[in-house]
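Here is the structure we will look at, set down as structure tokens.
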Amino acid sequence: MMRESIAAKRSGLDERPWPDSNITTWLGRVSELDTSPAPLPPEYDSRNNRLARLALQQDGFQLKVSEAIERYGAHRCAVMLGTSTSSIGRTEASYRRLEQDDHFNPDDRYASLHNPHSTGAFVAEQLGIKGPAVTISTACSSSARAFASAARWLECGLADAVVVGGVDTLCLSVICGFNSLQLTSTEPCRPFDKNRAGLSLGEAGGFALVTRERLTREDNAVALLGYGESLDAHHMSSAHPEGLGAKLAMQAAVQRANIAWNDIHYLNLHGTGTRSNDAIEGLACHTLLPETTLCSSTKSWTGHTLGAAGITEAVISMDALLTGLVPGTLHTQDPDPDTMLNILLDNRASNPQTVMSNSFGFGGNNCCLVFGKAL
Amino acid sequence: MKISVSGIGIWAHGIANWEAFQDWRQSPDTLSPSAEATAPPADIIPPREKRRVPLITRMAIEAGIQACRMASIDPGEATTVFSSCMGDTDVTDYMCRVLATPEKAMSPTKFHNSVHNATSGYWSIFTGGHHSGGFVSAYLHSFATALIEAATLTISENKPTLLVMYDIANRNPMHDACPIDTPLAYALLLRAAGDTTEGRNISLAVASGIDDEKSAHANTTEFHFERPGNLNPAANGLALLAALGDTGSQQLHFAAGNGSVLDISVGAGAVPSA
């Protein structure tokens with residue numbers, strides 16, 4: 001369905017307001033969570049974990065994990081789950097029905113709902129994984145960093161298969177929070193547009209099974225060729241003005257992938273649509289990449305899915321390798337010449353061999369991933 | 001995986017640093033929540049910034065700086081892994097209370113402080129460090145998994161890696177979900193294994209196939225914070241600090257989640273010191 005939406009240029013953003021919020025904004029909402037609210041066991045029941053369950057059910061993923069468990073042993077499989085929200089939506093709800101003397105209602109007293117590892121633990125249990133499960137929470141770079149950590153754990157022989165994932169859900173914390181920072185737009189985001197006015201929030205769940213094994217194109221596989229991670233060391237919610245951290249992360253990824261800059265056919269930009277991110281990311285990318293590189297932001301399809309942005313955009317980038325179709329930048333009409341990037345507006349069938357994906361988060365946390373076609 | 005520990009830092013009420021920790025070990029019953037509540041110095045934070053920086057961050061920075069100084073390393077040169085079982089429950093509490101009001105008037109500063117890597121972000125700003133900065137968590141298994149993560153970074157990147165583990169006290173209602181009574185932060189500066197004169201060698205392995213009952217009791221702590229009035233799940237890792245405070249070799253086992261166990265062999269050697 002993702003392939004259809006990309007090919008049809010059908011955005012997932014809509015303007016229905018979020019319950020109990022009067023903020024005007026477009027959101028990338030997973031409607032199934034509202035229309036089919038099948039509960040989970042009480043110690044795990046949160047929107048985030050329901051989305052994790054829904055995402056695990058897509059595309060035969062759970063079957064692939066079962067095969068890996070069968071092949072390597074459950075204890076040789078690990079989970080790396082990127083999230084920024086975890087189950088905080090449930091914590092918010094718990095605070096709305098506090099009992100006397102500031103106590104949680106008895107149904108809300110599960111630590112498994114209120115700690116950062118809520119979804120990571122849930123995913124490991126759902127999949128029957130017996131190796132370590134780790135939550136990675138570095139804001140908007142979380143589920144991109146999960147790929148990097150997975151690569152290292154595999155390299156060090158700690159696991160034979162890692163379930164890399166990312167799940168973040170809409171909640172008042174993020175909707176009110178981003179609004180308080182004046183980063184949200186009242187219209188659907190238009191990344192890298194001259195008239196861009198901010199980001200659109202979204203929610204997403206995604207997973208990838210990463211192994212050391214050499215797979216082929218017939219296996220529907222792609223390879224993680226390189227990763228780079230860095231910190232801006234500048235400000236908590238604004239990027240380094242020269243994109244220093246972004247450049248460091250991209251350079252490290254290219255170096256680790258052992259490729260040349262002009263080998264990168266497509267770059268999936270972080271591209272949130274804020275005036276600041278797009279200007280700085282544009283500057284950093286322009287410095288490093290040739291003008292022939294196709295660049296787009298897919299956040300106009302999904303919204304900014306925060307902790308799940310890494311996995312969402314990694315999957316979109318990897319899928320471009322498999323389908324040959326490079327997504328454009330929806331809603332953007334007038335690319336901002338000041339960003340100095342060659343922004344792809346419309347989808348293009350260009351058969352990329354190597355792709356790059358950027359994810360930059362609060363705290364100046366940057367991660368860049370490079371994927372290539374399996375041979 | 002073989003790595004070495006060349007720096008240690010710690011901060012808690014009544015335990016201001018590594019020397020104080022070793023003194024406390026001699027009589028662990030003397031620590032109580034009524035131990036005078038002090039503020040962590042965290043002297044690399046400029047005075048004008050201290051007001052904005054949450055307690056959880058100050059504690060973690062204090063412990064991290066101690067470890068870097070002991071290891072004689074510029075803090076900005078370390079790759080970092082920060083970890084917490086519950087995160088900053090002060091800011092979670094603030095946000096959820098604000099969101100339960102009709103106005104929902106959230107402070108933008110508190111919102112950007114609510115990301116779990118806020119401490120990592122502040123650390124990098126005050127130290128100027130650009131190397132990879134992570135935040136990992138696995139609730140009660142946080143120390144074990146964070147140590148594994150830090151070890152893989154040390155080996156893969158061949159760079160010094162700072163691991164900082166921390167949790168703050170929870171007030172109501174969060175205390176109902178996870179009772180934490182006293183704050184604790186500690187840090188280890190890791191390097192690739194080498195000459196023991198540069199640090200204390202430890203060897204890590206993740207054991208597999210342990211049944212859940214065994215691994216649930218795998219944490220080795222002959223003393224700990226975990227008694228009524230003194231709870232803090234971050235204290236799991238103090239068993240490793242205790243072993244590093246002795247000169248003999250030791251075997252430790254930490255539950256690493258889902259039935260897996262982290263086995264640590266601490267080699268014989270000198271107690272790390274400044």
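One table, with the values for the structure above:
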| item | result |
| --- | --- |
| Whole-Å semi-axes of the ellipsoid equivalent to the range B:111-154 (Cα gyration tensor, √5λ, descending) | 20, 15, 6 |
| Fraction of beta bridges assigned by DSSP in the range A:259-375 that are antiparallel (%, nearest 5) | 60 percent |
| Residues of type aspartates and glutamates that residue B:2 reaches as a straight line, Cα spacing below 18 Å, ignoring anything fewer than 8 places off in the same chain | A:155, B:149, B:157, B:195, B:198, B:263 |
| Simple label model, 7 Å out from Cα along Cβ direction - residue A:105 to residue A:275, nm | 4.3 nm |
| Hydrodynamic radius (Kirkwood) for chain B, which is based on Cα pairs only, to one decimal in Å | 18.9 Å |
| Hydrodynamic radius of the range B:77-218 per Kirkwood, over alpha carbon pairs, in Å | 17.2 Å |
| Rg followed by Dmax, in Å, when the range A:8-104 is reduced to its Cα trace | 17.7, 54 |
| For chain A: relative contact order, % (alpha-carbon pairs under 8 angstrom, 6 or more apart) | 22 percent |
| Computed Rg/Rh of the range A:78-124, alpha carbon atoms with Kirkwood Rh | 1.06 |
| Over chain A, equivalent-ellipsoid semi-axes from the Cα gyration tensor in Å | 30, 26, 18 |
| Over the range A:132-245: Rg over Rh, Cα atoms, Kirkwood Rh | 1.03 |
| For the range A:51-199, radius of gyration divided by Kirkwood radius, i.e. Rg to Rh on alpha-carbons | 1.06 |
| Aspartates and glutamates whose Cα lies under 19 Å from that of residue A:373, excluding same-chain neighbours fewer than 8 positions away | A:213, A:218, A:219, A:263, A:313, A:319 |
| The range A:258-375 - Rg (one decimal) and Dmax (whole number), Cα, Å | 13.1, 39 |
| q = 0.08, 0.09, 0.11 Å⁻¹, the protein assembly as shown: log10 I(q)/I(0) [Debye, one scatterer per Cα] | -0.52, -0.67, -1.03 |
| Chain B, dipole about Cα centre (Lys/Arg Cβ +1, Asp/Glu Cβ -1), debye to the nearest 20 | 680 debye |
| Filter on A:194/B:110; B:50/B:110; A:9/B:110 - keep pairs with C-alpha separation over 25 Å | A:194/B:110; A:9/B:110 |
| Net charge dipole size for the protein assembly as shown [Lys, Arg +1 and Asp, Glu -1 on Cβ; Debye, nearest 20] | 840 debye |
| Exercise: per-residue mean of other protein chain Cβ atoms within 10 Å, A:223-230 | 2 |
| Cα pair distances of the range B:1-104 binned at 10 Å [whole percent] | 12, 34, 34, 15, 4, 0 |
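All of the numbers you see were taken from the coordinates with simple rules; none came from a lab. Since the model is a prediction, treat every value here as computed from it, not as a measurement. Ideal geometry is used to build each Cβ from the backbone, glycine not excepted, and the neighbour counts take in all protein chains shown.
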